[in-house]
Each structure stands twice: as structure tokens, then as C-alpha cells.
Amino acid sequence: MNKGNKIYEGKAKIIYETNDKNLVIQHFKDDATAFNNLKKAKVEGKGVLNNRISEYIFNNLGECGIKTHLIKRLNMREQLIKKAEIFPIEFIVRNIATGSLTKRLGISEGTVLSKPLLEYCYKKDELEDPLISREHIYSFGWATIKQIESIDKITLRINDLLLGIFRGIGIKLIDFKIEYGIALNKDTNEKEIVLVDEISPDTCRLWDVKTEKKLDKDRFRKDLGNVIQGYQEVARRLGIMPEETNISEVNFGKTTSIKFKKK
Ligand code: TMP
């Protein structure tokens, strides 16, 4: 598989073309941003950890019947993925109220929701990814009713699976954001909806069950310190990083060495 030109560079990832028109390479950067790019830093080792964590989660979801864009991890920072036409929508699932939900609607922080709450945001940086309704999606043709009905079902199934994966390692899944696209299934030669992007501490809120310590990007957003240690703890508990591995984040910008178990 040959790596070709850069097709797209986002805040945390870069997409490169390959010599197969249906496949691209997703590269995980160490860049962290929050509040739509207002706050930026390099968190050394974040890309490597997110690549590993997201690979692990996508593979697990795949084994449970969820269709994803992931073909395989290529190296420390890159994955080979199916090229997909991405819906311009962020799908957010909330199990416990925090973040923008508490700010927007005055719901008390930490309220356990009686059932998972699904939200949709329009992916548009200039507009700061505004919250939208299903009607907006249909009116502006961002996805069809049939596609959203199917995506909602997959999303709730993913929530159930992720709740289990994280609960099993002593972590509460508070909320998360996922994205979908349409990609070619080479076996059936038909296009289908697939989970794309990543699932990692960048895109989930993950709290330790006992202490409620945050193990996700809120450590960066809220200046809580020890950002990489939070991500490292998630990887360690998932069993994809050996106990003795030490990532010392002395300061953003300093070199960090990470060792992983061989596959
Ligand atoms: P929020 O409470 O800030 O709306 O975030 C909800 C969830 O979505 C949380 O797990 C963080 C994630 N998220 C992203 O992955 N990317 C984003 O741009 C935003 C705003 C949130």
C-alpha cells in the first residue's frame, strides 16, 4: 500500500490518499484543540495513544457487527481505512449530564439520564458545530430519514457496547461523539453506512468509576494537567499498554517515549 498525497488535514488527524481509490490513510497527530481551535497545544504521544485506543474499540465494535471504516492499523500513528463520504453531522450520545448540555439547559452536572440522549451537531467550524434537530438534517439534505433512523439504531447499539467495554475496566462512559460516512463494501459491491473518524479520549468523556477522575480531553479543555496520563490510563486498562510503560508529560512540547506490547 503506497501512501500518496495529503487529501485533508483536520485539527487532530490527516488523511492521505493511497494507490487504491477506495482506501485512504488516517494519521493521528499530537495536536489538541478545544473551543473550536481557540485553545491549542501539542500533547506528545496523544496521536499514538488515540490510534491504538481507537483501533481497539473499532475492532471490538466490528466483532459485534458494527460496520466501520477501519481496515487495519499500519503503524504507531496510522490506520488504513475505507474512503467514505462523511455525513456533515456529529452524533453525540449522553448517558450523564455534563459539558454543553448542563450549560445550555441548566441540567445539574452529573444527572444520570433515564435513557441515552442523542444529539446532532452540524459539522461546520465557522459556525462552531451548532446543535441541530433532525428536521434541519432532512430540510437541508444532510442525510435522509432512512439513513438517520438506521444511524440512530447503530449509535444506541454502540453506546451499549461502549458502556460495557468501559465499565469492565472501571470507567464510566459519560458521553461521546461519533461520525458516520458511506463507503463501498467490496464484498457486496454496494455502498453502506460505516462508522468513521475515531473513538478515543479525544471524543469521549471517561470518568474513573470510583474516584470520578477524568481520563479524557476534559483534562486539556479544563487545564486539569496530566493530560497524557489520562489517555495512558485508558490504554493501560484496555490492556493495550504494559503496566511498566511510563509516559512522562513534563510539559507540552517535550518529547515522550511510549512503548507498546508487540501484537
Ligand atoms: P459537549 O458537552 O462539549 O457538547 O461534548 C459532548 C461530547 O462530544 C463529549 O464527549 C466531547 C465530544 N466532542 C467532540 O468529540 N468534539 C467536539 O468538537 C465537541 C464539542 C465535543
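Quick notes
- Strands (runs of 3 or more DSSP E) within the stretch 160-231 that include 2 or more residues aliphatic (A, V, I, L, M), more than 11 Å from the ligand (Cβ to nearest atom) and surrounded by fewer than 20 Cβ atoms within 10 Å (Cβ to Cβ): 171-185
- Lone unmet requirement of (1) over 23 Å from residue 162 (Cα atoms); (2) out of contact with any Asp or Glu (no Cβ under 6 Å at 6 or more places or on another chain); (3) at pLDDT below 95 for residue 225: (3)
- Considering 108, 114, 139, the condition of being polar (S, T, N, Q) and within 16 Å of the ligand (Cβ to nearest atom) is satisfied by 108 alone.
- Residue check for residue 47: within 16 Å of the ligand (Cβ to nearest atom) and of a type in the set (Gly, Ala, Ser): yes
- With respect to (1) crowded, with 17+ Cβ neighbours inside 10 Å; (2) over 16 Å from the mean Cα position of the chain (by Cα), the lone exception for residue 61 is condition (2).
- Test: residue in the stretch 146-158 that is part of a loop (DSSP other than H, G, I, E, B) and either under 21 Å from residue 217 (Cα atoms) or in contact with a strand residue (DSSP E or B) (Cβ under 7 Å, 6 or more places away or on another chain) (or both): no
The values are calculated or read from the model by the stated rules, or taken from the named source; none is laboratory data. Since the model is a prediction, treat every value here as computed from it, not as a measurement. Cβ atoms come from the backbone with ideal geometry, glycine included; neighbour counts cover every protein chain shown.
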